Every structure is written in structure tokens, then in C-alpha cells.
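*Asks:* Just passing along the structure, written as C-alpha cells.
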């Protein structure tokens, strides 16, 4: 599977906990290009699992993403993004900066997400939260095709997370 991503775009990784978003991001993008909600929760609270820090973390996420997009830098958002309001604010941010948005959806089976989540050595998300995120993703899928993405890709098997090829397109649509 080959994904073409315009340089300077906003890339939204969309999927439940355990779907492989962070692994994918680390494999395919520079660390400076990745803006992670977990890392920002840790930055403000010393605990990436501290949900009480989410408001501050997402404020920082939007601030950093906006600054990068203003400079024309590829910006990858590593967060679940399974709910429309979260995506809407990020799509608006890209639009304000005249940047295209790419969606990469991680639609792996719930059982795979739960198994991967349970195997995490550090931070596990409660299984019912993963189930809710997977349900939110499934209900969002039809709407995703109506949202203003320059490109929308769906990864529906774990092998593609490791074998996908990213092509960076220097042209900005």
C-alpha cells in the first residue's frame, strides 16, 4: 500500500487506542513532525495517561500544530481523532493556514486493538474505552468521506502498518 502525502500538510491519524497509530507515526515520520496527545499529557502532568490533563494537552496540540502549519511544516497528529468535533477543530486549523489535510484511518478489528492494548508494557487504556473508541470510529466512517481531506486512506490490517510506503508530494494541492 502506498500513501501520497502533500508536503506541509496536516496528517490526522484516526483510530482507537491499540490500533497502531503511534507505531505507524514513529516508523514513517520524523519525531519533530509528530504531535502526540499522550506526549503532551505527559509534558503537562508527568503522566501520559492522566485524562485530567487532556484539556491542557489538546490546547498545546492545537498551538503547536498551528505554528508548524503556519511555517509549512508537515504535521502529524497522533491522537484518536475518532469523534467529529476533534477532527473539525483540526480541519479548521489546517484551513486557516491554507494547508491540505490527510486522514489515515486505522480500522483494525476490535480484538486486535484490545490485544495490543493489553500487551502494552507501560500505559494500558481500559478495555471499555477502547471499545467506545472503536464504536466512535465505525460511526464516523461514513462521515469521513464527506470531510474536506485532500487524501483519505484506510488501513484495515496490521501488516499494512509496517509495510505501507509513504510518498511525500512536494506539490501542495
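*Asks:* What distance in nm separates the two pseudo spin-label positions at residue 46 and residue 67, each 7 Å out from Cα along the beta-carbon direction?
*Replies:* Reported label-point gap for residue 46 and residue 67 is 2.4 nm.
*Asks:* Over region 2-169, what relative contact order in percent results from Cα pairs under 8 Å that are six or more residues apart? Write down the numbers at each step before the final one.
*Replies:* Values: 279 pairs, mean separation 65.5, N = 168.
Result for region 2-169 is 39 percent.
*Asks:* Taking 25 Å as R0, compute the FRET efficiency from the Cβ-Cβ separation of residue 30 and residue 88 and round it to 0.05. Before the final figure, lay out the partial values.
*Replies:* Working: r = 27 Å, r/R0 = 1.07.
According to the calculation, E is roughly 0.40.
*Asks:* Continuing with this model, one more query. Report the residues of region 52-69 in range of a label on residue 128: point 7 Å along Cα→C-beta, backbone N strictly under 18 Å from it.
*Replies:* Within reach of a label on residue 128, which here means backbone N under 18 Å from a point 7 Å along Cα→Cβ, region 52-69 contributes 52.
*Asks:* If you project the alpha carbons of region 10-52 onto their three principal axes, what span does each projection cover, largest first, in Å?
*Replies:* 28, 23, 17
*Asks:* Once label points are set 7 Å from the Cα along Cα→Cβ at both residue 96 and residue 4, what is their separation, rounded to one decimal in nm?
*Replies:* Taking the two extended label points, one gets 3.0 nm.
*Asks:* Turning to a different aspect of this structure: Helix-derived [θ] at 222 nm for the chain: sum -39500 (n - 2.57) over DSSP H runs of at least 4, divide by residue count, nearest 500?
*Replies:* Mean residue ellipticity at 222 nm (helix-derived): -14500 deg cm²/dmol.
*Asks:* Full extension from residue 171 to residue 138: what is 0.36 nm times the residue separation minus their Cα-Cα distance, to one decimal in nm? Walk me through the numbers before you get to the answer.
*Replies:* Details: separation 33, 0.36 × 33 = 11.88 nm, distance 3.19 nm.
In short, 8.7 nm is gained.
No value in this document is a laboratory result; all are computed from the given coordinates. All values reported here derive from a predicted model rather than from experimental measurement. Note: ideal-geometry Cβ built from the backbone for every residue, glycine included; neighbour counts use all protein chains shown.
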